[in-house]
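Worksheet: the structure to be examined is printed underneath.
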Number of protein chains: 2
Amino acid sequence: MANPYVKQYLMTAGPTPLPPAVSQVMAEPMMYHRAPAFIEVYARVLRRLKDVFQTANEVQIFAASGTGALESAVANLVKPGEQVLVASCGKFGERWFELCEAYGADTIHWETEWGRRIEPAGLDEQLTANPGVELVFTTFSETSTGVVNDLRELTEVAHRHGALIAVDAISGIGAVPLPQDEWGVDVVVTGSQKGLMSPPGIASVSLAPWALDAIEGERGPRFYWDLRKARKNLPLGESAFTPAVSLIFAVGEALTMMREEGLTNVHARHRRLGAATRAGAQALGWTLFSKSPADSVTALEPPAGVDAGAVVKRLRDTHGITIAGGQDHMKGKMIRIGHMGAYDLSDIYVVLGALEECTKALGGKGTGAIEAARRAWETA
Amino acid sequence: MANPYVKQYLMTAGPTPLPPAVSQVMAEPMMYHRAPAFIEVYARVLRRLKDVFQTANEVQIFAASGTGALESAVANLVKPGEQVLVASCGKFGERWFELCEAYGADTIHWETEWGRRIEPAGLDEQLTANPGVELVFTTFSETSTGVVNDLRELTEVAHRHGALIAVDAISGIGAVPLPQDEWGVDVVVTGSQKGLMSPPGIASVSLAPWALDAIEGERGPRFYWDLRKARKNLPLGESAFTPAVSLIFAVGEALTMMREEGLTNVHARHRRLGAATRAGAQALGWTLFSKSPADSVTALEPPAGVDAGAVVKRLRDTHGITIAGGQDHMKGKMIRIGHMGAYDLSDIYVVLGALEECTKALGGKGTGAIEAARRAWETA
């Protein structure tokens, strides 16, 4: 049996740990999804999601992983054979490309080097060179590299070229500000298991009115992801298909907590969590992989001589802390610490304290992670 | 505030109530879906789902409503333009038709009158008249009408004509026997919120090896539902996309309970629940809508002069019991009592006792529902 006093900490970039109230609300008695009592819960979740998306637009929910809502955007917006642009800067950006290809788009995949943000000037060049593009797919906070993109600027560029922009904000919403309406972002997708500090299994998408018009045309096959079906049921306060009732309870509770904290405070907390994590890790000789670090997840390359994969393993086996390693060509070459959702400074102390031990044990040096983190937290 | 002593009973045909252990396991700490501890849980769920499907075939899981797994069958099996046959006998059978149409099949929709089962002889005629059909889509237990179909015979007929058969067993698995391997059923789909007595949000599908071969060809767009992706990740014990971790915990717990009860006993319990419900309701002058009643859900037409819609409302408002009414053209004309999942005879007493009161209050007569139910339970 595992030692119960090696407490388990989940600090991957999703799923994230659940606040006790969120965990517990799932044990509430099951409800019939067409019953008035559930319709009330469902309507409240839809309303509060709008607050977090910072939008007056309709928000739609799917019982699915985040990828499902990405697919809904592609299935409803992409005309087979249409030229679209995917602007990616990591593994999750590549998913847009795969989806557009699956739906028969003529896809231009413009890739930015891992670790760098997508440059608005570069997007401008791409769209100038490809004037036929009316749809741009991109990423807000790229989980694989710890990069956050400037969605305000990217949206401006896309609009200047007459294109709509659809954003994967699965890891970002609820951690980093993305005021959809203020910035005019056309389509925003998120999932439940990141900044919304809920279990995985709920995906949502919000479309501006003009983007909603675009879903009405001829498209490839769509059924479960058909936003027209979802919209048809919205006035009844119902979902097109049986919703994941207990997960809706969970998201509802999490959104209530976020409302009580206040979205500005939620964002400020994440800003400080990000700053603290970066400062602490750098004090130990780790290097930020991202040139534009997100406050949702921190990607770090190890000090010379320290094996990143061994650190992930030692954190888990010795300290009970689960973080993520690198993906694809960065496998074994970095670590990624998630701090979006139900985290506070104590959690950062825990992971940095353990990282200090592991770094030393595995051949690195450096100290003072906690102090550096606290200073950064205080001034961020 | 609602009176807490009008206890709430959920007796729709899904979602079904959860056993306390299933509710509570969702509050267990969140796990990283790539961590060894979760992979173990996930593998156990896949293994135990096979026991319930009564198959040695691979079972795949989606984070989705049951409809998602239906769509996966269509998206992976149907070649655009291909002639397929949908044999339906109610609202959920029609979903197969809508899905096949969405995916561009040349769909023959053979509809059996609501309340009647799909006759094997009729299927034989249909397939004789349409020798090009290589795929038949049909329903096991049709929730909208309370009908159960004879899948053994329907499968035999399909195979005799060289066609594969895909079955929507969303409401059926875990309640009524459907031994996939013994009967040679090619594709079986289910959801978590029916016989598996778990929350909605997990869908699964099981394909016989020869049906698995069929998914490899050219198809329309598929990504989230792509069974090739799901299969690729299976040897790692992982899902293609982030699984609904807390729902996997729930299904895992429910499957453990079913294993402890023993599948034969689970089926016997449902046989008795069905018999008891039918006998009790008939004692009150209600008529079985289904000519081939399923043991998962009982569809009933009211005695002369009694308004079915008013009964649904009174059961809810006076007795705290949520059942379902009729759908589509049967709206307001029938009631449907679900009894698949975590039910025993006490639950049937509760609903029948209340139904007796409502029937009388709303102009009917008849008595002795409980006694009739008990006798049927004892002899079924």
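The values are calculated or read from the model by the stated rules, or taken from the named source; none is laboratory data. Nothing here was measured: the structure is a model prediction, and the numbers come from that model. Here the Cβ positions follow ideal geometry from the backbone for every residue, glycine too, while neighbour counts run over all protein chains shown.
Does any residue of region B:222-231 turn out to be crowded, with 17+ Cβ neighbours inside 10 Å, of a type in the set (A, V, I, L, M, F, W, C) and more than 14 Å from every other protein chain (Cβ to nearest Cβ)?
No, there is no match, as no residue in region B:222-231 is crowded, with 17+ Cβ neighbours inside 10 Å, of a type in the set (A, V, I, L, M, F, W, C) and more than 14 Å from every other protein chain (Cβ to nearest Cβ).
Would you confirm whether any residue within region A:48-62 is under 23 Å from the mean Cα position of the chain (by Cα), on the phi < 0 side of the Ramachandran plot and basic (Lys, Arg)?
yes
State which residue is surrounded by the most Cβ atoms within 10 Å (Cβ to Cβ) when the search covers only region A:323-369 and only residues that are more than 20 Å from residue B:30 (Cβ to Cβ) and among the charged types (D, E, K, R).
Step one: of region A:323-369, the residues more than 20 Å from residue B:30 (Cβ to Cβ) are A:326-334, A:345, A:349, A:352-353, A:355-369.
Checking which are among the charged types (D, E, K, R) leaves us with A:328, A:331, A:333, A:356-357, A:360, A:365.
Values: A:328: 10, A:331: 11, A:333: 14, A:356: 21, A:357: 15, A:360: 14, A:365: 12.
Checked region A:323-369; the qualifying residue surrounded by the most Cβ atoms within 10 Å (Cβ to Cβ) is A:356.
Output yes when any residue across region A:208-220 is closer than 17 Å to residue A:55 by Cβ and either crowded, with 24+ Cβ neighbours inside 10 Å or in contact with a Phe, Trp or Tyr (Cβ under 6 Å, 6 or more places away or on another chain) (or both), and no when none is.
Within region A:208-220 (the criterion being closer than 17 Å to residue A:55 by Cβ and either crowded, with 24+ Cβ neighbours inside 10 Å or in contact with a Phe, Trp or Tyr (Cβ under 6 Å, 6 or more places away or on another chain) (or both)), the answer is no, since none of the residues qualifies.
Just to verify a result, which residue in region A:87-99, among those that are out of contact with any Leu (no Cβ under 8 Å at 6 or more places or on another chain) and more than 10 Å from chain B (Cβ to nearest Cβ), is farthest from residue A:291 (Cα to Cα)?
Only one residue tops the list, namely A:97.
One residue is enough: does region A:102-110 have a residue meeting the conditions assigned by TED's automatic domain parsing to the domain that holds residue A:212, modelled with pLDDT under 95 and closer than 30 Å to residue B:199 by Cβ?
Within region A:102-110, none of the residues are assigned by TED's automatic domain parsing to the domain that holds residue A:212, modelled with pLDDT under 95 and closer than 30 Å to residue B:199 by Cβ.
List the number of the failed condition for residue B:34; all other conditions in (1) surrounded by 17 or more Cβ atoms within 10 Å (Cβ to Cβ); (2) within 14 Å of chain A (Cβ to nearest Cβ); (3) in contact (Cβ under 8 Å) with a residue 40 or more places away in the chain; (4) not β-branched (Val, Ile, Thr) hold.
Unmet condition: (1).
Could you say which residue among B:79, B:91 is in contact (Cβ under 8 Å) with a residue 24 or more places away in the chain, over 21 Å from the mean Cα position of the chain (by Cα) and surrounded by fewer than 24 Cβ atoms within 10 Å (Cβ to Cβ)?
Going through B:79, B:91 in turn, just one is in contact (Cβ under 8 Å) with a residue 24 or more places away in the chain, over 21 Å from the mean Cα position of the chain (by Cα) and surrounded by fewer than 24 Cβ atoms within 10 Å (Cβ to Cβ): B:79.
Could you list, ordered by first residue, the pairs with Cβ atoms under 6 Å in which the first is in region A:103-128 and without any contact (Cβ under 8 Å) to a residue 40 or more places away in the chain and more than 14 Å from chain B (Cβ to nearest Cβ) and the second is of a type in the set (Asp, Glu) and not in a loop (DSSP other than H, G, I, E, B), at least 6 apart or interchain?
Here the result reads A:120/A:153, each pair linking region A:103-128 to a residue that is of a type in the set (Asp, Glu) and not in a loop (DSSP other than H, G, I, E, B).
Going through region B:103-124 one residue at a time, which ones are in a strand (DSSP E or B) and crowded, with 18+ Cβ neighbours inside 10 Å?
Of everything in region B:103-124, those that are in a strand (DSSP E or B) and crowded, with 18+ Cβ neighbours inside 10 Å turn out to be B:107, B:108, B:110.
Checking the structure you have, find out if any residue of region A:340-358 is on the phi > 0 side of the Ramachandran plot and not assigned by TED's automatic domain parsing to the domain that holds residue A:143.
Yes, region A:340-358 contains a residue that is on the phi > 0 side of the Ramachandran plot and not assigned by TED's automatic domain parsing to the domain that holds residue A:143.
Could you list, in sequence order, the residues of region A:289-304 that are surrounded by fewer than 24 Cβ atoms within 10 Å (Cβ to Cβ) and under 15 Å from residue A:380 (Cβ atoms)?
A:293
If a residue must be surrounded by 15 or more Cβ atoms within 10 Å (Cβ to Cβ) and more than 10 Å from every other protein chain (Cβ to nearest Cβ), how many such residues does region A:1-31 contain?
1
Output the number of residues of region A:55-68 satisfying the condition of being more than 11 Å from chain B (Cβ to nearest Cβ) and not polar (S, T, N, Q).
Qualifying residue count for the region: 4.
Among the residues of region A:316-345, what is the count of those that are within 12 Å of chain B (Cβ to nearest Cβ) and in contact (Cβ under 8 Å) with a residue 60 or more places away in the chain?
Within region A:316-345, residues that are within 12 Å of chain B (Cβ to nearest Cβ) and in contact (Cβ under 8 Å) with a residue 60 or more places away in the chain number 10.
Looking at residue A:313 and the list (1) more than 14 Å from every other protein chain (Cβ to nearest Cβ); (2) over 21 Å from residue A:114 (Cα atoms); (3) charged (D, E, K, R), which single condition is not satisfied?
(1)
Only residues that are under 14 Å from the mean Cα position of the chain (by Cα), under 18 Å from residue A:137 (Cβ atoms) and more than 12 Å from chain B (Cβ to nearest Cβ): list them for region A:170-221, please.
Once the filter is applied, which keeps residues that are under 14 Å from the mean Cα position of the chain (by Cα), under 18 Å from residue A:137 (Cβ atoms) and more than 12 Å from chain B (Cβ to nearest Cβ), region A:170-221 yields A:172, A:173, A:178, A:188, A:189, A:190, A:204, A:205.
Got a number for residues in region B:243-277 being over 28 Å from residue A:26 (Cα atoms) and buried (at least 24 other Cβ atoms within 10 Å of the Cβ)?
Number satisfying all stated conditions: 3.
Checking the condition at pLDDT 95 or above and within 9 Å of chain A (Cβ to nearest Cβ), which residue from B:74, B:45, B:84, B:52 passes?
B:74
Would you mind listing the strands (runs of 3 or more DSSP E) fully within region A:159-253 where at least 1 residues are of a type in the set (A, V, I, L, M), under 21 Å from residue A:44 (Cβ atoms) and touching a residue at least 60 places away in the same chain (Cβ under 8 Å)?
In region A:159-253, A:187-191, A:202-207 are the strands (runs of 3 or more DSSP E) which contain 1 or more residues that are of a type in the set (A, V, I, L, M), under 21 Å from residue A:44 (Cβ atoms) and touching a residue at least 60 places away in the same chain (Cβ under 8 Å).
Considering only residues of region A:234-257 that are modelled with pLDDT under 95 and more than 13 Å from every other protein chain (Cβ to nearest Cβ), which is nearest to residue A:78 (Cα to Cα)?
A:234
If I filter region A:125-163 down to residues being acidic (Asp, Glu) and within 25 Å of the chain's Cα centre (by Cα), which single residue comes out as surrounded by the most Cβ atoms within 10 Å (Cβ to Cβ)?
Let us first name the residues in region A:125-163 that are acidic (Asp, Glu), namely A:125, A:134, A:142, A:150, A:153, A:156.
Now restrict to residues that are within 25 Å of the chain's Cα centre (by Cα): A:134, A:142, A:150, A:153, A:156.
Details: A:134: 18, A:142: 32, A:150: 16, A:153: 17, A:156: 16.
Per the criteria, the residue is A:142.
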